[in-house]
Amino acid sequence: MGVYAVNYPATDFPTTAQGMNDASGHLESMAANCPNTRMVLGGYSLGAAVIAYTTEDAVPGVADHVAAVALFGKPSSRFLNGNGIPAPPIVIGHLYGAKTIDLCDPGDPICSSKGNDTKAHTMYAANGMVDEAAAFTVGRL
């Protein structure tokens with residue numbers, strides 16, 4: 001098993017384009033050079049946005065090599081618009097929908113339409129959602 005950290009400055013929303021380029025390049029390279037490797041994609045907050053956008057723009061055939069996608073605290077349109085971030089809605093590409101678990105703590109103001117507990121955005125490891133994503137991913141492998 002190997003891990004690849006997407007290379008981009010995860011400092012603010014405009015950097016997602018750099019992350020998408022790096023993630024896409026790595027996915028395409030892995031699919032071409034390691035065709036029997038099953039990949040799992042994951043991201044938290046800004047990283048979840050990068051991965052979701054990457055699935056929207058994925059090269060045909062790459063999705064066949066991805067077993068699962070796990071997202072935590074993916075920014076909602078409410079959050080983006082409320083913070084003046086000009087960005088298209090963050091959606092999962094249609095080839096990835098069935099293999100994606102998109103988790104949002106109901107209190108998390110970054111991803112939830114009604115959340116107002118900023119601490120909730122940092123609690124994914126403690127609230128059981130990481131375990132939920134792990135079980136989902138294992139079931140897809």
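The values are calculated or read from the model by the stated rules, or taken from the named source; none is laboratory data. Here the structure is a predicted model, which is why all the values come from computation and not from measurement. Heads up, the Cβs are rebuilt from the backbone with ideal geometry, glycines too, and the neighbour counts pull from every protein chain shown.
Restricting attention to region 1-40, the residues that are surrounded by 12 or more Cβ atoms within 10 Å (Cβ to Cβ), within 16 Å of the chain's Cα centre (by Cα) and of a type outside the set (Gly, Ala, Ser) add up to 15. Taking region 21-40 as the range and being in contact (Cβ under 8 Å) with a residue 24 or more places away in the chain and either part of a helix (DSSP H, G or I) or over 19 Å from ALA67 (Cβ atoms) (or both) as the test, the residues that pass are ALA23, SER24, LEU27, GLU28, MET30, ALA31.
For region 86-100, which residues satisfy the criterion of being part of a helix (DSSP H, G or I) and surrounded by 11 or more Cβ atoms within 10 Å (Cβ to Cβ)?
Within region 86-100, the first condition is being part of a helix (DSSP H, G or I), and the residues that meet it are 97-99.
The answer is GLY97, LYS99.
Conditions tested, residue by residue: (1) of a type outside the set (A, V, I, L, M); (2) farther than 20 Å from THR11 by Cβ; (3) under 13 Å from the mean Cα position of the chain (by Cα).
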position	(1), (2), (3)
ALA48	no, no, yes
TYR53	yes, no, yes
VAL69	no, yes, yes
PRO75	yes, no, yes
PHE79	yes, no, no
GLY93	yes, yes, yes
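Can you tell me how many residues in region 41-68 are in a loop (DSSP other than H, G, I, E, B) and among the charged types (D, E, K, R)? Qualifying residue count for the region: 1. Of all residues in region 1-20, those that are within 17 Å of ARG38 (Cα to Cα) have Cβ atoms under 9 Å from Cβ atoms of residues that are at pLDDT 90 or above and part of a loop (DSSP other than H, G, I, E, B), 6 or more apart or on another chain, in GLY2/THR37.
Suppose we keep only residues that are in a helix (DSSP H, G or I) and of a type outside the set (Ser, Thr, Tyr) within region 69-82. Which one would you say is farthest from GLU28 (Cα to Cα)? Spell out the reasoning first.
Step one: of region 69-82, the residues in a helix (DSSP H, G or I) are 77-82.
Right, trim to of a type outside the set (Ser, Thr, Tyr) and you get 78-82.
Numbers: ARG78: 32, PHE79: 31, LEU80: 29, ASN81: 32, GLY82: 34 Å.
Filtering region 69-82 for residues that are in a helix (DSSP H, G or I) and of a type outside the set (Ser, Thr, Tyr), the one farthest from GLU28 (Cα to Cα) comes out as GLY82.
For region 101-128, name all the residues that are part of a helix (DSSP H, G or I) and surrounded by fewer than 19 Cβ atoms within 10 Å (Cβ to Cβ). It would help to see each step written out before you state the result.
First, the residues of region 101-128 that are part of a helix (DSSP H, G or I): 118-122.
Across region 101-128, the qualifying residues are THR118, LYS119, THR122.
Scanning region 102-116 for residues that are in contact with a Gly (Cβ under 9 Å, 6 or more places away or on another chain) and of a type in the set (Asp, Glu) yields ASP105, ASP108. With respect to the conditions (1) under 20 Å from GLU132 (Cβ atoms); (2) surrounded by fewer than 21 Cβ atoms within 10 Å (Cβ to Cβ); (3) charged (D, E, K, R), ASP64 lacks only one, and its number is (1).
One line per residue, one yes/no per condition, for (1) touching a strand residue (DSSP E or B) at 6+ places or on another chain (Cβ under 7 Å); (2) farther than 20 Å from TYR124 by Cα:
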position	(1), (2)
THR16	no, yes
GLY25	no, yes
ALA31	no, yes
GLY42	yes, no
GLY47	no, no
VAL69	yes, no
GLY82	no, yes
GLY97	no, yes
THR100	yes, no
